[in-house]
Structures are given as structure tokens and as C-alpha cells.
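K.L.:
One structure, as C-alpha cells, below. Some questions next.
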Amino acid sequence: MSFKVNILGVKVDKVNVNEAADIIMEYIKAKDKPASVFTPNSEIIMMGYRDEEFRDILNSSELLTADGIGVVYASKIVKNPISERAAGYDIACATLERLAKIGGSVYLFGSKPGVAELAGKNITEKYQGIKIAGYSDGYFNEEKEKTIITNIQRSNPDLVFVCLGAPKQEKWIASHKNELPNAVYMGIGGSLDVFAGTVKRAPEFFTKHGIEWLYRLCKQPSRFVRMLELPRFGFKVLLKGRKFPQEK
Ligand code: UDP
């Protein structure tokens with residue numbers, strides 16, 4: 001059995017939410033390097049398929065999980081199946097639960113001004129024991145970016161949520177990894193909005209039946225163009241997916 005599935009050149013770890021959170025905690029406890037965790041959906045895998053540099057960024061992460069039913073189906077098509085999806089938000093919750101037990105800290109970076117603070121308030125209420133190392137919104141110029149990096153360095157967190165949307169967050173983490181302190185950096189898109197309560201997660205009916213994309217499309221019709229990647233991804237995997245070598 002292999003531990004990764006190669007989907008159009010992007011090598012996704014075959015882990016569920018709890019396994020992913022356990023792996024993240026190992027990196028946090030070791031604290032011996034900056035580790036990155038990305039959670040690609042089919043749209044992000046398509047970005048990696050088209051752009052070699054971005055694909056390398058995804059493949060060089062310490063953990064890459066399948067965020068989206070499309071990726072799970074794709075793994076079945078290439079005959080190296082992942083059993084279930086491991087969405088970024090769910091992994092973040094499972095990690096916070098574990099981190100709270102050891103009194104660890106999380107730095108919240110991304111989203112519109114004020115969202116991270118609101119998310120922090122809800123996180124400390126729900127996961128008692130967690131410390132918030134700091135906050136920064138996700139809209140910055142070069143000067144503000146330097147301050148953000150200094151703040152992360154000074155607060156020396158265990159975990160950093162980087163919520164700038166894809167591919168910005170993955171590229172940001174990869175390009176600053178060398179100057180960032182030893183911690184786990186998770187690129188988890190709109191998760192701070194969900195923690196803050198400014199965006200609602202799809203009801204269980206939608207996530208259970210693999211149609212969370214439909215819920216998000218109804219809520220944010222502007223996502224329509226982005227979502228055209230979904231059928232393109234499906235066709236590409238059907239046509240070319242099996243040509244990519246799978247680890248034995
Ligand atoms: N965002 C940000 N800075 C930017 C662009 C986006 O902080 O320059 C934030 C945005 O406010 C939102 C998140 O990134 O909170 C992206 O959310 P989206 O739902 O698009 O991400 P996905 O989860 O689909 O990758």
C-alpha cells in the first residue's frame with residue numbers, strides 16, 4: 001500500500017482528518033523546522049498541473065491532504081484510493097483540540113481586517129487552553145509584510161493559520177519559510193472566516209453528499225468561473241490520470 005496518491009503530478013497524502021492532526025502535532029512537538037501543510041481541492045491540483053513551480057511548492061510541503069470530494073474520486077480513478085476527504089477547516093479544528101491540551105499557541109494570519117480577532121475570540125472560547133500568539137489581516141504591502149514576519153518571529157507560535165486563499169497562501173509560506181520560526185504553517189483559505197462566523201460552512205447534508213461546491217456556488221455566485229475547473233479536472237484525470245506513476 002502506498003502512502004501518497006499521485007494526481008496529475010500532485011502527490012497527496014492518504015490521511016484522514018485525525019491522522020493529519022496527529023502528524024501536525026508531531027511536527028509541533030519536535031519544533032525542529034518550519035513545516036507546511038496544504039489542503040488542495042481539485043481547483044488547486046489543476047493549478048499545480050498547469051504550473052510546474054506551483055506543483056513543486058505543493059509537493060515540497062510536509063503534508064498535503066485531499067480537501068474535496070473531487071480529489072477523493074480522482075484517487076479512485078487512478079486506482080490508488082483515499083478513503084475520505086480531509087478538509088483544511090476540519091484538520092484545523094482537530095489540531096486545535098489537541099494543541100489546547102498542551103497549552104500551545106496559534107497565530108492567526110489572513111482574511112479581512114477584524115476577522116482574525118473575531119476568530120481568535122471564538123477559538124479561545126471553544127478550545128480552552130489555546131493561546132493566541134498574534135493576529136494579522138491578509139491585506140498587506142511590503143512594509144506591513146515585514147511587520148507580520150517580525151510578529152510571527154517574536155511570538156514564536158506552535159501553529160500558524162495562513163488564510164490568504166490559494167495559490168497566494170502556499171506561495172507566501174514557501175517563499176518565507178526560511179525566515180519563519182519553527183512551527184507548522186497551514187494554508188487553509190477561508191477558514192478564519194468560518195471560525196469568525198462571517199462565512200457559514202455548508203450544512204452536513206451538502207458535505208456528506210459531496211456537493212459542498214453547490215452550496216458555496218449558491219452562496220457566492222462569483223465563484224462560478226473558478227468552479228469551471230471542476231469538470232476540467234474530472235476530464236483531465238479520466239484522460240491522463242493513470243499515466244502518472246503511483247508509488248508502490
Ligand atoms: N484573502 C486575504 N488576502 C488576499 C486575498 C484573500 O486575506 O489578498 C482572504 C480572504 O479574505 C478570504 C480568504 O483569503 O478570507 C480566501 O478565501 P476563499 O474562500 O477564496 O479561499 P479558498 O478556501 O476557496 O481557497
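Laboratory data are not the source of any read-out in this text; all were calculated from the coordinates shown. As the structure is a computational prediction, the values presented were derived from the model and not from experiment. A quick note on method: Cβ atoms are made from the backbone with ideal geometry, for glycine too, and the neighbour counts reach across all protein chains shown.
K.L.:
Out of all DSSP beta bridges in the chain, what portion is antiparallel? Express it as a percent rounded to 5.
P.N.:
15 percent
K.L.:
Now for a separate question. Which of rounded, prolate or oblate describes the chain when judged by the alpha-carbon gyration tensor and an a/c cut-off of 1.5?
P.N.:
prolate
K.L.:
Right, here's the next one. Given 0.36 nm per residue, what is the gain on full extension from E19 to K219 after removing their alpha carbon distance, in nm?
P.N.:
Full extension of this stretch gives 68.9 nm more.
K.L.:
Something else about it: Please report how many Lys pairs in region 18-146 have alpha carbons closer than 15 angstrom, counting only residues at least 8 apart along the chain or sitting on separate chains.
P.N.:
5
K.L.:
Could you give the longest part of the chain that holds none of the chymotrypsin sites (Phe, Trp or Tyr not before Pro) found in DSSP loops with at most 16 neighbouring Cβ atoms within 10 Å?
P.N.:
Within the chain, the longest run free of exposed chymotrypsin sites (Phe, Trp or Tyr not before Pro) spans 4-138.
K.L.:
Do you know the Lys pair count in region 207-248 for C-alpha distances under 26 Å, with sequence separation 8 or more or different chains? If you can, show how the numbers build up before the last one.
P.N.:
Details: K208/K219; K208/K236; K236/K248; K240/K248.
Counting lysine pairs in region 207-248 gives 4.
K.L.:
Further question: Along its principal axes, what span do the Cα atoms of region 97-236 show, with the longest given first and each in whole Å?
P.N.:
45, 34, 26
K.L.:
Something else: Between R154 and R232, with labels modelled 7 Å along Cα→Cβ, what's the label distance in nm to one decimal, could you check?
P.N.:
Result for the modelled spin labels: 4.3 nm.
K.L.:
Can you give the extra length, in nm with one decimal, that the chain gains between D32 and K240 once fully stretched, where that is 0.36 nm per residue apart less the Cα-Cα distance?
P.N.:
Stretched out fully, the D32 to K240 stretch lengthens by 71.0 nm.
K.L.:
Would you mind checking which residues have amide H under 5 Å from L164's amide H? H placed 1.01 Å from N; only 5 or more apart, or other chain.
P.N.:
Here the answer is Q169, I188, G189, since their amide H atoms fall under 5 Å of that of L164.
K.L.:
Note down the nm distance, to one decimal, between modelled labels 7 Å out along Cα→Cβ at I77 and at E143.
P.N.:
Placing both labels 7 Å beyond Cα along the Cβ direction yields 4.9 nm.
K.L.:
Hey, another quick one. Please turn the phi angles of region 188-195 into ³J(HN,Hα) values with the Karplus equation 6.51 cos²θ - 1.76 cosθ + 1.60 (θ = phi - 60°), one per residue in order, whole Hz, x for glycine and proline.
P.N.:
Values per residue, Gly and Pro as x: 10, x, x, 5, 5, 4, 6, 4 Hz.
K.L.:
Still on this model: Taking the Cα centroid of region 140-169 and of region 40-55, what is the distance between the two, rounded to the nearest whole Å?
P.N.:
23 Å
K.L.:
Here's another thing I want to ask about it. Just to be sure I understand the model, the point goes 7 Å from the Cα along the line to the Cβ. What's the resulting K177 to K208 distance in nm?
P.N.:
The answer from the label model is 3.9 nm.
K.L.:
Skipping prolines and chain starts, which residues have an amide H placed within reach, meaning under 5 Å, of the one on N41, given they are 5 or more residues away or on another chain?
P.N.:
D67
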